[in-house]
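For reference, the structure discussed in these notes is given below.
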Amino acid sequence: MNLKALRKKIDNLDKKIIQLLNLRAQVTQDVGKVKQKSGKSIYAPERENEVLRKVSLLSRGPLNAKALEAIYREIMSSSLALEKPLKIAYMGPEASFSNLQP
């Protein structure tokens with residue numbers, strides 16, 4: 001296979017990966033809604049560990065477990081952000097510079 005054909009194959013795979021990541025994100029949003037309705041915490045460290053364990057078992061290479069863990073930590077971090085609304089906090093009244101020390 002030549003370079004052009006290999007790159008086209010990568011482009012097609014990227015398209016599928018993006019579709020699957022967005023589908024996963026939609027399901028994650030649904031999970032967040034269920035958790036909020038039932039009063040459960042959005043962050044579940046035991047579930048995160050379970051996903052990472054399964055991912056490392058499913059892989060047959062060439063990506064090693066550390067690389068997959070890094071990728072999935074980013075996926076889960078992005079998913080966690082979708083499960084709950086963004087909150088922005090600041091110290092003191094707006095524009096008061098209360099975070100500065102005298």
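The values are calculated or read from the model by the stated rules, or taken from the named source; none is laboratory data. Remember, predicted model here, so these are calculated numbers, not experimental data. For neighbour counting, all protein chains shown are included, and Cβ atoms are generated from backbone atoms with ideal geometry for every residue, glycine included.
Points to keep in mind about this one:
- Residue tally, condition within 21 Å of Val27 (Cβ to Cβ) and among the aliphatic types (A, V, I, L, M), over region 58-77: 5
- Qualifying residue in region 60-75 (condition: out of contact with any helix residue (DSSP H, G or I) (no Cβ under 6 Å at 6 or more places or on another chain), assigned to a loop (DSSP other than H, G, I, E, B), exposed (fewer than 12 other Cβ atoms within 10 Å of the Cβ) and of a type in the set (S, T, N, Q)): yes
- Scanning region 1-56 for residues that are among the polar types (S, T, N, Q) and either farther than 21 Å from Glu69 by Cα or within 16 Å of the chain's Cα centre (by Cα) (or both) yields Asn2, Asn12, Gln19, Asn22, Gln26, Thr28, Gln29, Gln36, Ser38, Ser41, Asn49.
- In a residue-by-residue description of region 35-48, the property of being assigned to a helix (DSSP H, G or I), surrounded by 10 or more Cβ atoms within 10 Å (Cβ to Cβ), of a type in the set (Ser, Thr, Tyr) and at pLDDT 90 or above applies to no position.
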